[in-house]
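The values are calculated or read from the model by the stated rules, or taken from the named source; none is laboratory data. What you are looking at is a predicted structure, and each value in this text was computed from that prediction instead of being measured. Every residue, glycine as well, gets a Cβ built from its backbone with ideal geometry; the counts of neighbours run over all protein chains shown. When the accessible area is computed, the model is the full protein with side chains, heavy atoms only, and any ligands, DNA or RNA have been set aside. Shrake-Rupley method; radii C 1.70, N 1.55, O 1.52, S 1.80 Å.
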Amino acid sequence: MEIPVHPCYIFIHIKENEVHKLFVEPLYQSSGIGGKLLEFAKESFKTDFLWALEKNIRAISFYEKHGFRWDGAERVSEFDGALEVRYVKDKGE
């Protein structure tokens, strides 16, 4: 019997106190892995902000669920010109 092997792409990139990138392969989204990575970053590296694509409603909902709120800051992505919004950790977190 052959067991299928599926590579798992999950990572977090922390830059000083910023969650610079967080990616969980769609197959593993909603499994709790992303939340654990984000909590690890907040607790171990004192991360307190991140940038999200304005149109990525699923990611924004995830960040809000984990204690981040939009602070009104926006910028244009250097990569593709898309609008990004800044989310900061709630003071009570």
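Looking only at segment 36-80, which residues are of a type in the set (Ser, Thr, Tyr), within 13 Å of the chain's Cα centre (by Cα) and over 29 Å from HIS6 (Cα atoms)?
Once the filter is applied, which keeps residues that are of a type in the set (Ser, Thr, Tyr), within 13 Å of the chain's Cα centre (by Cα) and over 29 Å from HIS6 (Cα atoms), segment 36-80 yields only THR47.
Please enumerate the residues belonging to segment 62-93 that are basic (Lys, Arg), under 16 Å from LYS21 (Cβ atoms) and out of contact with any strand residue (DSSP E or B) (no Cβ under 9 Å at 6 or more places or on another chain).
none
Among the residues of segment 51-61, which ones are within 17 Å of ASN17 (Cβ to Cβ) and either surrounded by 18 or more Cβ atoms within 10 Å (Cβ to Cβ) or charged (D, E, K, R) (or both)?
ALA52, the sole residue that qualifies.
Mind checking which residues of segment 25-43 are of a type outside the set (D, E, K, R) and within 25 Å of ALA73 (Cα to Cα)?
Within segment 25-43, GLY34, GLY35, LEU37, LEU38, PHE40, ALA41 meet the criteria.
Is segment 43-50 home to any residue that is closer than 19 Å to CYS8 by Cβ, among the hydrophobic types (A, V, I, L, M, F, W, C) and either open to solvent by less than 50 Å² (accessible area, probe 1.4 Å) or in a loop (DSSP other than H, G, I, E, B) (or both)?
No, segment 43-50 contains no residue that is closer than 19 Å to CYS8 by Cβ, among the hydrophobic types (A, V, I, L, M, F, W, C) and either open to solvent by less than 50 Å² (accessible area, probe 1.4 Å) or in a loop (DSSP other than H, G, I, E, B) (or both).
Look through LEU37, LEU83, LEU27 and report the one residue that is open to solvent by less than 70 Å² (accessible area, probe 1.4 Å) and within 15 Å of PHE11 (Cα to Cα).
Going through LEU37, LEU83, LEU27 in turn, the sole match is LEU37.
Restricting attention to segment 17-35, which residues are free of Cβ contacts under 8 Å to residues at least 24 places away in the same chain and under 10 Å from the mean Cα position of the chain (by Cα)?
LYS21, PHE23, VAL24
Cβ contacts < 7 Å: first residue in contact (Cβ under 8 Å) with a residue 12 or more places away in the chain and among the acidic types (Asp, Glu), restricted to segment 42-61; second residue open to solvent by 50 Å² or more (accessible area, probe 1.4 Å) and part of a strand (DSSP E or B), any location; separation 6+ or different chain. Result?
If the second residue must be open to solvent by 50 Å² or more (accessible area, probe 1.4 Å) and part of a strand (DSSP E or B), the pairs left are ASP48/LYS89; GLU54/LEU83.
For segment 62-80, how many residues meet the condition of being open to solvent by 40 Å² or more (accessible area, probe 1.4 Å) and at positive phi?
Matching residues across segment 62-80 total 1.
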